[in-house]
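Below is one structure; the comments refer to it alone.
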Amino acid sequence: MITYQVIQTSIDELKAITKVDFIVRDLSGYVVASTMDDEIMDGKALESFAASPADSQVIQGNHLFKIKDQGEICFILITRGIDDNAFMMGKIAVSQIQNLLIAYKEKYDRNSFYQNLLLDNLLFVDIYNRAKKLHIPTKMKRAVFLIEMKKEQADSGMEMMKSLFGVQSNDFITAVDEKNMILIKSLDEKEGYEELDHTAKMLVDVMNTEMMAKVRIAYGTIVTEIREVSKSYKEAVMAMDVGKIFYVEKDILPYNMLGIGRLIYQLPIHLCEIFIQEIFGKYIPEDLDEELLTTVNKFFENNLNVSETSRQLYIHRNTLVYRIEKLEKYTGLDIRLFEDALTLKIALMVVNYMNYQKETSSS
């Protein structure tokens, strides 16, 4: 719904240009906005005009006009004077305010439409009917971005997003909660995942340099139909969750590049527990001390290369071998062997996932 301040600003600007005074009143007689004293018209005269079939009328030395929304009278505009200039300026004011009503209604209708679309709250036929009414293309390449940042920076982040994408009518921005925002990004026919990655990197850089804000961005796959937007949104949500569990060092999380983390994320907890028990028995890999975990992760990063790992950890090769053998004693896995290394890597990821699920369910 349009705010009265918007109407006030509109008639203030018109007066500054035309030097004509205006009053806008609702049907109960309340003054919505005014550039002059409201002593020029009595309530009975307004009621009589509102009930008449005329769209404009001269009463008590002033021009009166009806402002309509979808054919229904919602406001009455009064312009001081009865000359042709007052009449013309009144018609211009009516046209401007009615266009504002349409624009604001469409804006909030679009917001409601997209939010219900993302949450799968619309029937298939309603999606296309409402999209047509709101002039939203139904066949277009789109992808959904989920942007997470600190709560105290979210308002500024939303303004930044609007300045970057708000001018493009086929993009849409909305808030999910106090620290998450959604961007439904439209793409040209020739654009693809390279452009999505460029957009994500640009957002991270802008938020970091302009606002000193740390953000994490996840995005779903590209869809071509309006009804599939919710699918891309769900993928973005999953990508964000998977990133928090398995890829904490990354600030950009594409759904189509989550690797084995996405597979583990979709496993039932009881299967994860069975897997851990089969591999380790009562011993859980999370019991590894920080030094051993750091060694294991660096060893994996260097593709099981002992020499390169010891160099990067600034330790002697024999010290690294000792730690690997210590791990083998605890777990029964020699991570110098590819199969054992793969088993431990997956196990550590599964344990992280199980811990995340426990924390989520308890919070």
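Only one entry in Val237, Val229 is over 24 Å from Lys151 (Cα atoms) and touching a residue at least 40 places away in the same chain (Cβ under 8 Å), namely Val229. Candidates in region 152-166 are the residues that are outside any loop (DSSP other than H, G, I, E, B), free of Cβ contacts under 8 Å to residues at least 40 places away in the same chain and among the small types (Gly, Ala, Ser); of these, the one that is least open to solvent (accessible area, probe 1.4 Å) is Ala154. Among residues that are loosely packed, with under 14 Cβ neighbours inside 10 Å and either at pLDDT below 90 or at negative phi (or both), Asn302 is not included. Of all residues in region 35-54, those satisfying the criterion of being in contact with a strand residue (DSSP E or B) (Cβ under 7 Å, 6 or more places away or on another chain), not aromatic (Phe, Trp, Tyr) and not in a loop (DSSP other than H, G, I, E, B) are Ala45, Leu46, Ala50. As a summary of the residue check, Ile226 satisfies the conditions (1) over 24 Å from Arg110 (Cβ atoms); (2) touching a helix residue (DSSP H, G or I) at 6+ places or on another chain (Cβ under 9 Å); (3) β-branched (Val, Ile, Thr) except for the one numbered (1). Once region 312-363 is narrowed to residues that are in a helix (DSSP H, G or I) and acidic (Asp, Glu), the residue that is farthest from Lys244 (Cα to Cα) is Glu325. Thr309 meets all of the listed conditions (1) part of a helix (DSSP H, G or I); (2) open to solvent by 20 Å² or more (accessible area, probe 1.4 Å); (3) in contact (Cβ under 8 Å) with a residue 12 or more places away in the chain; (4) farther than 19 Å from Ile276 by Cβ but one, namely (2). Of all residues in region 203-245, those satisfying the criterion of being among the β-branched types (Val, Ile, Thr) and over 25 Å from Thr360 (Cβ atoms) are Val204, Val206, Thr209, Ile222, Val223, Thr224, Ile226, Val229.
The values are calculated or read from the model by the stated rules, or taken from the named source; none is laboratory data. Values in this document were obtained by computation on a predicted structure and should not be read as measured data. For neighbour counting, all protein chains shown are included, and Cβ atoms are generated from backbone atoms with ideal geometry for every residue, glycine included. Only protein heavy atoms, including side chains, enter the accessible area calculation; ligands, DNA and RNA are left aside. Shrake-Rupley method; radii C 1.70, N 1.55, O 1.52, S 1.80 Å.
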